[in-house]
Amino acid sequence: MIHLPHPPDEVVVTGVGVVSPIGTGREPFWGSLIQGTSGVRPIRQFDASAMPVRIAGEVQDFQPAAYVSKRKSLKLMSRDAQFGVAASTLACHDARIARGTVDPERFGVVLGADRVSLDLEECESTYRACLVGRQFDFSRWSEGMAKTFPLLFLKVLPNMIASHVAIEHDARGPNNTMHQGELSGLLAVSEACRTIQRGAADAMIVGGASSQLNPFDWIYHCVTGGLSRRQDDPADVLRPFDARRDGQVWGEGAGALILESRRHAEARGAEIRARVLACVTTWQPTAVSDARRSEGLARTIVEALRRAGIAPAELGHVNANGLSTIDDDRLESHALADVVPDVPVFAPKSYFGNLGAAAGAVEIAASVLAIESGLVPATLNYRQPDPECPVRLIAGEPLLARSATALTINRTRMGQTTVVVLAGP
């Protein structure tokens, strides 16, 4: 049994909300993880038949109106924002936070966000106004812009997701947006923890939201995203750390946690689901050799465990970045083998792909639920171990957790890394 201290400014998790390709809400999401249900499937949002990659981690049958109090506000919400508001609403319900139950002046929001793209239909009038015959005349751009809905561009500002969430939940405290790719969700957790610990807020809605399934974005990802080009069973494509892996899959979704100071959570009688013990962020230049980049990730993990006061042998599980690309998985696995060689590893991206700015938030939600249940889900599609990826991957069936602690990793391909350590209540 691990006995960890309860400092007076300890940050705890009291609510979890998820919108994901494998389920909306904590129960459907967790059920899919335990049952081994993949959310990778053929794209339905647009016609991808002519594109080289036609599968994604897509959120299907999503009804945004169920999660907002004022339906008119949906007109100003991008799909990313709709996901973010829905996840935050689910997290507040899970934490039993309603308007008036938390001092609004000390209730804040920090969310991760990606670049937000307009839907093609929203751009149509502008582009048509610039056509002369079949040629695009850029000199008409100002004229075309005049035909655009005046508030349309509020939809594409990344910080509008946090703004909509704050309005929906009357959170008038600190408000910030993290815009650092796949690192954004865990960076939001780190920033929210510091906000609470310095006494600027009692509770924070924290997480990330993103949709990569806009045709503009999808063409870009097909060209530059290192995507798997497999055209067989979509559920079998993502294979983190497996010798047959050949690329990542992009997706969409949102995750939100309610973070509070322990004193505030206990004073209002909240159920504490987990504790945040440490958050560490580093950067390692991508120009250096893979060996040195692996050492940089290893140092980040060592520092996170040091701040958390946990020895590697005491760690329950690692929530790996597990991108499913050849180089990224090899690099990560060598760092894990150097620092936590005997710790069971779970790669949640095998279920839904790379969710961009939502990745860390959705993935850390999986670890919170694993700590709470005592079970760690299995990684999908791990059948042929790669000698170059020496990790103790959980495969086949969920694993009974050996301790109520977890270390979550997110990395960008530019060299940034964030590690968060969690423990049970």
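Here are some notes:
- Boolean, residue 188 is surrounded by 13 or more Cβ atoms within 10 Å (Cβ to Cβ), modelled with pLDDT of 85 or more, among the aliphatic types (A, V, I, L, M) and touching a strand residue (DSSP E or B) at 6+ places or on another chain (Cβ under 6 Å): yes
- Evaluation of residue 144 against (1) buried (at least 16 other Cβ atoms within 10 Å of the Cβ); (2) more than 24 Å from residue 86 (Cα to Cα); (3) within 22 Å of the chain's Cα centre (by Cα); (4) at pLDDT below 95 (one fails), failing number: (3)
- Scanning segment 54-64 finds no residues that are farther than 21 Å from residue 18 by Cβ, assigned to a loop (DSSP other than H, G, I, E, B) and of a type in the set (A, V, I, L, M).
- The combined condition, being over 24 Å from residue 221 (Cβ atoms), touching a residue at least 40 places away in the same chain (Cβ under 8 Å) and either small (Gly, Ala, Ser) or in contact with a helix residue (DSSP H, G or I) (Cβ under 7 Å, 6 or more places away or on another chain) (or both), is not fulfilled by residue 368.
- Test: residue in segment 137-144 that is of a type outside the set (Phe, Trp, Tyr), over 30 Å from residue 366 (Cβ atoms) and in contact (Cβ under 8 Å) with a residue 12 or more places away in the chain: yes
- Yes/no for residue 126 being among the polar types (S, T, N, Q), over 27 Å from residue 258 (Cβ atoms), in contact with a helix residue (DSSP H, G or I) (Cβ under 9 Å, 6 or more places away or on another chain) and not in a helix (DSSP H, G or I): no
- Residue check, residue 62 under 30 Å from residue 313 (Cα atoms) and either under 19 Å from the mean Cα position of the chain (by Cα) or of a type in the set (S, T, N, Q) (or both): no
- Residue match in segment 261-275 (condition: among the β-branched types (Val, Ile, Thr), within 17 Å of residue 390 (Cβ to Cβ) and surrounded by fewer than 22 Cβ atoms within 10 Å (Cβ to Cβ)): no
- Segment 65-99 - residue that is of a type in the set (Val, Ile, Thr) and in a helix (DSSP H, G or I) and, of those, farthest from residue 17 (Cα to Cα): 85
- Candidates 238, 277 - the one that is outside any helix (DSSP H, G or I), among the hydrophobic types (A, V, I, L, M, F, W, C), closer than 26 Å to residue 109 by Cα and in contact (Cβ under 8 Å) with a residue 40 or more places away in the chain: 277
A quick yes/no check of all residues on (1) modelled with pLDDT under 95; (2) on the phi > 0 side of the Ramachandran plot:
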{"position": "192", "(1), (2)": "no, no"}
{"position": "212", "(1), (2)": "yes, no"}
{"position": "241", "(1), (2)": "no, yes"}
{"position": "276", "(1), (2)": "no, no"}
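The values are calculated or read from the model by the stated rules, or taken from the named source; none is laboratory data. Here the structure is a predicted model, which means the values were calculated and not measured. In this analysis, Cβ positions are derived from the backbone assuming ideal geometry, glycine residues included, and neighbour counts consider all displayed protein chains.
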